[in-house]
Amino acid sequence: MEATTSPFKIILGSSSIARRKILAEMGYEFTIMTADIDEKCIRKEKPEDLVMALAEAKADAILSKLQTISNQEKDDEQKILIAADTRGELLFFSSCTTDLAFHRIFIVRHECFTSIALLSTDAEAILQRLPIGDYVKDAEPTLLVTCDQVVVYEGVVREKPSSKEEARQFLKDYSGGHAATVGSVLVTNLKTGFRKGEWDRVEIYFHTIPDETIEKLIEEGTVLYVAGGLIIEHPLILPFVKQVVGTTDSVMGLPKALTEKLIKEAL
């Protein structure tokens, strides 16, 4: 779907290429930020609780990053722009990180101001280039989307494989059997502070996966970087997917319908 202009901004808090692709397919333009958290430090008994807790931790980490950036900008020296039009009207613009103040001072025309004389439209043009758009009080809302996903096999939660050997065992387990993905989506409105999240579960059934296919997948390496080593859209594994009870986009990490629903609710 072609990206359209939305009355809000989106930050995708994920480094996942699959999630980026899905969100772009939904027609949204967005920026990327990643959360530097130790996921192993967050443990929950139920997979649904785990993925929600991880999505919230990622959102909190990114909010902390944004706050740090904001604090740094507040510490910067206040930006001043002075321009005068040819009628001797001095325009004084002062910008800060929270609001924009406009001050217009009328002065007696004097030759000392000729060196800074600009048309007022030029001053406004320069003002547009100042980095204040994200901080004015009436700025459009920004939505932060964070996600997480685990695979559940025989009641046991599986995250990203820690080694090739573990990835190999994961794939052998799925052969002729089934597994489930449990994924979360959390949308945080950075303007209002409102936050809403839900989880989604998909069941996947497999035909027998040949050992040579498993070895090719291990050698190729992509399975090492996804939850449970499960990547059903991969051309090597796709022929051996027997049935998907749910949506493929959810298995890939970002259920479209749920994400759209949460975006609307967060606004």
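The values are calculated or read from the model by the stated rules, or taken from the named source; none is laboratory data. This is a predicted model, so every value here is computed, not measured. Quick reminder, even Gly has a Cβ in these numbers, built from the backbone with ideal geometry, and neighbours come from all protein chains shown.
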Inset, instruction - Could you list, in sequence order, all residues of the stretch 235-251 that are assigned to a helix (DSSP H, G or I) and among the aliphatic types (A, V, I, L, M)? - result: Leu238, Val251
Legend entry - Some residue of the stretch 171-188 being part of a helix (DSSP H, G or I) and in contact with an Asp or Glu (Cβ under 9 Å, 6 or more places away or on another chain): yes
Inset, instruction - Collect the residues in the stretch 205-244 that are hydroxyl-bearing (Ser, Thr, Tyr) and either surrounded by 14 or more Cβ atoms within 10 Å (Cβ to Cβ) or under 22 Å from Gly155 (Cβ atoms) (or both), keeping them in residue-number order. - result: Tyr205, Thr213, Thr222, Tyr225
Inset, instruction - Look through Ile204, Ile232 and report the one residue that is touching a residue at least 24 places away in the same chain (Cβ under 8 Å), part of a strand (DSSP E or B) and within 24 Å of Lys256 (Cα to Cα). - result: Ile204
Legend entry - Ile209, sole failed condition from (1) within 25 Å of Met52 (Cβ to Cβ); (2) assigned to a loop (DSSP other than H, G, I, E, B): (1)
Inset, instruction - May I ask you to list the residues in the stretch 211-264 that are among the small types (Gly, Ala, Ser) and closer than 23 Å to Glu25 by Cα? - result: Ala227, Gly246, Ser250, Gly253, Ala257
Inset, instruction - Pick out the one residue from Leu258, Leu262, Leu254 that is part of a loop (DSSP other than H, G, I, E, B), at negative phi and in contact (Cβ under 8 Å) with a residue 40 or more places away in the chain. - result: Leu254
Inset, instruction - Scan the stretch 77-93 and give yes if some residue there is at pLDDT 50 or above and more than 26 Å from Pro255 (Cβ to Cβ), otherwise no. - result: yes
Inset, instruction - Would you mind stating whether Phe8 is over 23 Å from Val152 (Cα atoms), aromatic (Phe, Trp, Tyr), at pLDDT 90 or above and surrounded by 14 or more Cβ atoms within 10 Å (Cβ to Cβ)? - result: yes
Inset, instruction - Give the stretch 158-204 a look and list any residue that's among the hydroxyl-bearing types (Ser, Thr, Tyr) and loosely packed, with under 15 Cβ neighbours inside 10 Å, or say none. - result: Ser162, Ser163, Thr192
Inset, instruction - Report yes if Ala125 is small (Gly, Ala, Ser) and modelled with pLDDT under 95, otherwise no. - result: yes
Inset, instruction - Run down Val185, Val245 and say which single residue is in contact with a Pro (Cβ under 7 Å, 6 or more places away or on another chain) and in the same structural domain as Ala53 (by TED's automatic domain parsing). - result: Val185
